[in-house]
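One structure is given here, and the rest of the page talks about it.
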Amino acid sequence: PSGQVGLFPEQAEVRAWIRRLATRLGAAGPDAPPAAVLNLFGYTGAATLSAAQPGVAVTHVDGSRPAVAWARRNAELNGLSGAPIRWISDDAAAFAERELRRGRRYAGIVLDPPSYGHGSSGKPWRLANDLPALLAACTSLLADGPAFIALTAHTPGFGPDRLGELLL
């Protein structure tokens, strides 16, 4: 109904970058702890599948149950139904805060937040207001050693320079 097809061709380069990094993380060696990637605002799962293809464990979070179901179906269609993916329908910021309290750490975090929306609990999300606190939580969720954050947005006024400044 919204006109979305669930795939964003302009993200192809980002997905390839995520796959390359996940491949390196997965090849860290037998003594290294298993690498994990967190995909917040995971939508239909393209970035999740990019990280999962090399065998990295992924936690896929989206506030929309139908989007999570769509992502799971995409995993099945891509031969990844048995991949180590946790499928979670939850508010991205609330989930990140709980993961901090649990002491979880991730070698990679992927975020493609919307301009505005509502989490699974109905809590409103506004990129301009809520992104800085979420990024602070995400940087605290990064594991020691090799790690990455992939941050993209489709909000006017939030181009690469502004997003990069928020990560500093």
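The values are calculated or read from the model by the stated rules, or taken from the named source; none is laboratory data. For clarity, every value in this text was computed on a predicted model and none was experimentally measured. Positions of Cβ are generated from backbone atoms using ideal geometry, with glycine treated the same way; all protein chains shown enter the neighbour counts. Please note that ligands, DNA and RNA were not included when accessible areas were found on the heavy atoms of the full protein model with its side chains. Shrake-Rupley method; radii C 1.70, N 1.55, O 1.52, S 1.80 Å.
The figures follow:
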| item | result |
| --- | --- |
| Segment 33-168 - share of DSSP beta bridges that are antiparallel (%, nearest 5) | 15 |
| Whole-Hz couplings from phi, Karplus 6.51/-1.76/1.60, listed for segment 139-155; x for Gly and Pro | 5, 6, 7, 5, 6, 5, x, x, 7, 8, 10, 10, 10, 10, 7, 10, 8 |
| Environment charge of GLY45, counting only residues whose C-beta is closer than 14 Å and scoring Lys/Arg +1, Asp/Glu -1 | +3 |
| Dipole magnitude (debye, nearest 20) for the chain, charges at Cβ of Lys, Arg, Asp, Glu | 340 |
| Residue order for ASP161, ASP144 - accessible surface, 1.4 angstrom probe, largest first | ASP144, ASP161 |
| Residue among GLY63, GLY145, GLY45 with the largest mean-square fluctuation in a Gaussian network model of the chain, springs linking Cα atoms under 10 Å | GLY145 |
| Carbon/sulfur fraction of accessible area - the chain, other protein chains in place, 1.4 Å, % | 54 |
| Spatial separation of Cα centroids for segment 44-102 and segment 128-162, in angstrom | 18 |
| Value of [θ]222 nm, deg cm²/dmol, for the chain, DSSP H segments ≥ 4, -39500 (n - 2.57) each, nearest 500 | -12500 deg cm²/dmol |
| Farthest positive-ward along the chain dipole, Cα basis, beta-carbon charges - from LEU49, ALA128, ALA153 | LEU49 |
| For mean projected area of the Cα convex hull in nm², calculated from these coordinates, the label among (i) 13.6; (ii) 11.9; (iii) 9.8 | (iii) |
